[in-house]
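J.: Structure incoming, see below.
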Amino acid sequence: MGSMFIYLHGFASSPQSAKAQDISQRFAQLQIPVQVPDLNAGDFSHLTISRQLNQVATEFADSSAPITLIGSSLGGLTAAHLAQKYPQVQRLVLLAPAFGFLSHWLVKLGEAEIQRWQQDKYLMVYHYGEKQHLPLHYDFLTDASQYQEEDLQRPVPTLILHGNHDEVIPISASRDFVRSRPWTELIELDSDHSLGNATSAIWQAIYSFCFGS
């Protein structure tokens, strides 16, 4: 039985993102379908990592096929936590995974903004998929704090691609993750968080990882 491929887009992104489209098209040329669920689920304002995990898990709940998850940024973090929990997940490709993203994000927000978020319950966040600012509930923050990288210890073959000029998630986050996990491989790219200039290098790495001998 062939592997099932699922692509998980990033935070405030969508299945129409450049990376999602590029990877889907390249798989289509191999006549391999890729599922690209919309993790906004029609309600970005009440997004949580827990909701993403539950949503994606339903995609493969009744399948015994081995699953390869490809995740970008927060989708990469979500993919890693799914792999920890579900033995069907047998391969991971993580693109600029959002390891430690809360610490990086909260520093940028600042203490006053975080307190205002907690009081007002909603923070306005720019949504790249919708091209507008949308409110995000404070539950996103409290939910995210329970997902720690230390918990990710299942030895799932993992390929990480991360830009060494990443301005959102520093590449040190992936270097630290790989250091204590011999089943992971990190490819450093001369790129930023979008990895927009590295699509062909990313595809070559994915192809050899998933289909190489």
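The values are calculated or read from the model by the stated rules, or taken from the named source; none is laboratory data. Here the structure is a predicted model, which means the values were calculated and not measured. Accessible surface areas use protein heavy atoms only, side chains included; no ligands, DNA or RNA. Shrake-Rupley method; radii C 1.70, N 1.55, O 1.52, S 1.80 Å.
J.: Tell me, what % of the accessible area of region 82-158 is carbon and sulfur with a 1.4 angstrom probe?
T.: 51
J.: Heavy-atom accessible area per residue, region 12-69, 1.4 Å probe: how many Å²? Kindly include the intermediate steps, with their values, before the conclusion.
T.: Numbers: 2630 Å² over 58 residues.
Averaged over the residues of region 12-69, the accessible area is 45 Å².
J.: Now a separate question. What is the ratio of the Cα radius of gyration of the chain to 2.2 N^0.38 Å, with N the residue count, to two decimals?
T.: Expressed relative to 2.2 N^0.38 Å, the Cα Rg reads 0.98.
J.: Please report the antiparallel percentage of the DSSP beta bridges confined to the chain, to the nearest 5. Intermediate results must be reported in sequence, preceding the final value.
T.: Working: 6 of 29 bridges.
Within the chain, antiparallel bridges account for around 20 percent of the total.
J.: Let me ask something additional. Identify all lysines with a Cα-Cα distance to Lys108 below 27 Å; exclude those on the same chain that are fewer than 8 residues away in sequence.
T.: Lys19, Lys121, Lys131
J.: So, in Å, what gap is there between the alpha-carbon centers of region 110-175 and region 56-109?
T.: Region 110-175 and region 56-109 have Cα centres separated by 13 Å.
J.: What's the angle, to the nearest 10 degrees (0 to 90), between helix 74-85's Cα axis and the longest principal axis of the chain?
T.: Roughly 60 degrees, rounded to the nearest 10.
J.: What order do Trp105, Trp117, Trp203 take when sorted by accessible area (1.4 Å probe), most exposed first? Intermediate values should be presented prior to the final figure.
T.: Values: Trp105 55, Trp117 0, Trp203 35 Å².
The ranking, largest first, comes out as Trp105, Trp203, Trp117.
J.: Just to confirm, what accessible area per residue do you get for region 125-213 at 1.4 Å probe, in whole Å²?
T.: 53
J.: On a 0 to 90 degree scale, rounded to 10, what angle separates helix 18-29 from the longest Cα axis of the chain?
T.: 20
J.: In degrees from 0 to 90, rounded to the nearest 10, what is the angle of the helix 199-211 Cα long axis to the longest principal axis of the chain?
T.: The angle comes out at about 50 degrees.
J.: To continue, here is another question. Under 5 Å between amide hydrogens, which residues at least 5 positions from Phe11 or on another chain qualify, with H placed 1.01 Å from N in the peptide plane?
T.: Here the answer is Leu74, Gly75, since their amide H atoms fall under 5 Å of that of Phe11.
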